[in-house]
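Worksheet: the structure to be examined is printed underneath.
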Amino acid sequence: MLNLYPAQIESVSLHRVGNKSKNEAIFLSAEPFSLNDEMSGLLKEYFFKPFREKEENYFKFSHEVDLEFNEIFKSVSEFFEDGSKSHLISKKITTLLYEESNHPHIKSGEVYIVHFSDMVIDNNKTDAIGIFKSELKHDFLQFKEKDQNLELLIRQGININKLDKGCIIFNVDKEEGYKVLSVDSNRYDAKYWLENFLGLAPLTDENFYTKNYLKFCQNFAKDVVLPAEDKQQEVLFMNRAVNHFAKNDAFEESSFLNEVIENPELIPEFKHYKVEKGPKFSIEDVSNFDIANKAVSDARKKIKNVINLDTNIQIKMDFINPESAEKFVEKGWDEERQMYYYLVYFNKEQKT
């Protein structure tokens, strides 16, 4: 779990990078930026907002040869070891970003290298380094009094409600490549930020496996359960799957299959589907792992328990206990109308 609220900004270095392929310049500030309390509050909201709204999908620094060859990892490690070099190292990090800004699609922008204290991750307090970039400029109106009139001026600036690119590197698990969160609002240059510049790879922890296995189950429900049975059984399968994850601390695949798949004929289908589609979700060789509760909660919010009918009617099956759907919802066929129907049992209508 991540708690950003206690975090404090210790230092900020501001620079600018242009597009190298277009011969745009790099600008490196001589000194760190001096913050006041008002600016500190605004910048924290600007930097942290996308991370509060996004799933906690962690990454780690990596390199195909050895971690020590990842230049950002080396710079960050030096930053954590000696905070007095923070501004000097921020110049090095910004220069590395400029060297990767060589594709025509990449936009110029301001770079913020930030040292945070009092970050709380997994209930432990630590410091962190943020690398952020603002790219897209927006028009805004400014008003100015002149003599007896109010004048309207058009200016350009960044929208502090939308960070374009950013990552937060937490000072934990250095040997594995640190724990890193990353966001990128502009998907036209996806490899540029995550892979070419930062050199990040997904962190395959309990959060990663929980999230990916549930996504795999959603695809199995859509591709196999729905065609073999019906929409109701697809929804019920995902309800049982999520509830199995919610009530267990650890995942064991054989126990999961026996509890969640009620139709025995679908168990070999599930195993075959895992061989075929498992690599897409990086779970092909995974059958045991600890369950991350946060990932289960996030998945539950995204799963649609809705049956959409061609008669412009929706049936929402919002059950914590999936057995309720089988008790109170029946599907049948009306010979006279030549149509399917759902029969729903209830005691009384709930007031909204």
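Tally time: how many residues in region 50-61 are open to solvent by 40 Å² or more (accessible area, probe 1.4 Å) and either outside any helix (DSSP H, G or I) or touching a residue at least 24 places away in the same chain (Cβ under 8 Å) (or both)?
Of region 50-61, the ones open to solvent by 40 Å² or more (accessible area, probe 1.4 Å) are 52-55, 60.
When the remaining residues are screened for being either outside any helix (DSSP H, G or I) or touching a residue at least 24 places away in the same chain (Cβ under 8 Å) (or both), the result is 52, 54-55, 60.
Within region 50-61, residues that are open to solvent by 40 Å² or more (accessible area, probe 1.4 Å) and either outside any helix (DSSP H, G or I) or touching a residue at least 24 places away in the same chain (Cβ under 8 Å) (or both) number 4.
For region 238-265, which residues satisfy the criterion of being of a type in the set (S, T, N, Q) and either on the phi > 0 side of the Ramachandran plot or in contact (Cβ under 8 Å) with a residue 12 or more places away in the chain (or both)? Before you say what the answer is, go through the steps one by one.
We begin by selecting, within region 238-265, every residue of a type in the set (S, T, N, Q); these are 239, 243, 248, 254-255, 258, 263.
Scanning region 238-265 gives 239, 243, 248, 254, 263.
Taking the conditions exactly as written (crowded, with 17+ Cβ neighbours inside 10 Å, at negative phi and touching a Ser or Thr at 6+ places or on another chain (Cβ under 9 Å)), does residue 47 satisfy them or not?
Values: crowded, with 17+ Cβ neighbours inside 10 Å: yes; at negative phi: yes; touching a Ser or Thr at 6+ places or on another chain (Cβ under 9 Å): no.
No.
Please count how many residues of region 196-205 are within 29 Å of residue 105 (Cα to Cα), of a type outside the set (A, V, I, L, M, F, W, C) and either crowded, with 19+ Cβ neighbours inside 10 Å or touching an Asp or Glu at 6+ places or on another chain (Cβ under 9 Å) (or both). Please lay out each step first, then the result.
Keep residues of region 196-205 that are within 29 Å of residue 105 (Cα to Cα), which gives 196-203.
Subset that is of a type outside the set (A, V, I, L, M, F, W, C): 196, 199, 202.
If we keep only those that are either crowded, with 19+ Cβ neighbours inside 10 Å or touching an Asp or Glu at 6+ places or on another chain (Cβ under 9 Å) (or both) as well, we get 196, 199.
Total meeting the criteria: 2.
Being within 21 Å of the chain's Cα centre (by Cα) and part of a strand (DSSP E or B), is that true of even one residue in region 147-164?
no
Going by what's in this entry, would residue 75 be described as in contact (Cβ under 8 Å) with a residue 60 or more places away in the chain and either part of a helix (DSSP H, G or I) or among the aliphatic types (A, V, I, L, M) (or both)?
Numbers: in contact (Cβ under 8 Å) with a residue 60 or more places away in the chain: no; either part of a helix (DSSP H, G or I) or among the aliphatic types (A, V, I, L, M) (or both): yes.
No; evaluated as a whole, the condition is false for this residue.
Test of understanding: among 116, 132, 80, which residue is open to solvent by less than 20 Å² (accessible area, probe 1.4 Å) and more than 16 Å from residue 192 (Cα to Cα)? Can you show your working first?
Numbers: 132 fails: more than 16 Å from residue 192 (Cα to Cα); 80 fails: open to solvent by less than 20 Å² (accessible area, probe 1.4 Å).
Every option except 116 fails the conditions.
Just give me the residues in region 139-195 being open to solvent by less than 20 Å² (accessible area, probe 1.4 Å), farther than 21 Å from residue 79 by Cα and among the β-branched types (Val, Ile, Thr), in sequence order.
183, the sole residue that qualifies.
Please state which one of 38, 64 is part of a helix (DSSP H, G or I) and loosely packed, with under 11 Cβ neighbours inside 10 Å. Write out each step before concluding.
Working: 64 fails: part of a helix (DSSP H, G or I).
None of the other options fit; the residue is 38.
For region 66-86, which positions are more than 21 Å from residue 10 (Cα to Cα) and not aromatic (Phe, Trp, Tyr)? Explain how you work it out, then say what you get.
Residues of region 66-86 that are more than 21 Å from residue 10 (Cα to Cα), as a first pass: 66-71.
Within region 66-86, 66, 67, 68, 70, 71 qualify.
Residue by residue through region 29-59, note down the ones that are over 30 Å from residue 297 (Cβ atoms) and of a type in the set (S, T, N, Q).
29, 34, 36, 40
Let's see how each residue does on (1) charged (D, E, K, R); (2) more than 24 Å from residue 202 (Cβ to Cβ):
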{"position": "250", "(1), (2)": "no, no"}
{"position": "256", "(1), (2)": "no, no"}
{"position": "268", "(1), (2)": "no, yes"}
{"position": "272", "(1), (2)": "no, yes"}
{"position": "281", "(1), (2)": "no, no"}
{"position": "284", "(1), (2)": "yes, no"}
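Of all residues in region 21-68, count the ones that are over 21 Å from residue 162 (Cβ atoms) and among the charged types (D, E, K, R).
The qualifying residues number 8.
Which of the numbered conditions does residue 216 fail, given that it passes all the others? Conditions: (1) free of Cβ contacts under 8 Å to residues at least 40 places away in the same chain; (2) in contact with a helix residue (DSSP H, G or I) (Cβ under 7 Å, 6 or more places away or on another chain).
Evaluating residue 216 over (1) free of Cβ contacts under 8 Å to residues at least 40 places away in the same chain; (2) in contact with a helix residue (DSSP H, G or I) (Cβ under 7 Å, 6 or more places away or on another chain) leaves (1) as the failure.
Determine whether residue 64 is at pLDDT below 95 and either among the acidic types (Asp, Glu) or touching a Gly at 6+ places or on another chain (Cβ under 7 Å) (or both). Before you say what the answer is, go through the steps one by one.
Numbers: at pLDDT below 95: yes; either among the acidic types (Asp, Glu) or touching a Gly at 6+ places or on another chain (Cβ under 7 Å) (or both): yes.
So residue 64 passes the test.
Would you mind stating whether residue 110 is at pLDDT 95 or above, touching a Lys or Arg at 6+ places or on another chain (Cβ under 8 Å), under 16 Å from residue 163 (Cβ atoms) and open to solvent by less than 70 Å² (accessible area, probe 1.4 Å)? Break it down stepwise before answering.
Details: at pLDDT 95 or above: yes; touching a Lys or Arg at 6+ places or on another chain (Cβ under 8 Å): yes; under 16 Å from residue 163 (Cβ atoms): yes; open to solvent by less than 70 Å² (accessible area, probe 1.4 Å): yes.
Spelling it out, residue 110 is indeed at pLDDT 95 or above, touching a Lys or Arg at 6+ places or on another chain (Cβ under 8 Å), under 16 Å from residue 163 (Cβ atoms) and open to solvent by less than 70 Å² (accessible area, probe 1.4 Å).
The values are calculated or read from the model by the stated rules, or taken from the named source; none is laboratory data. Just so it is clear, the structure is predicted and the values come from calculations on it, not from any experiment. Positions of Cβ are backbone-derived with ideal geometry, glycine not excepted, and every protein chain shown enters the neighbour counts. Areas reflect the complete protein model, heavy atoms only, side chains present, ligands, DNA and RNA absent. Shrake-Rupley method; radii C 1.70, N 1.55, O 1.52, S 1.80 Å.
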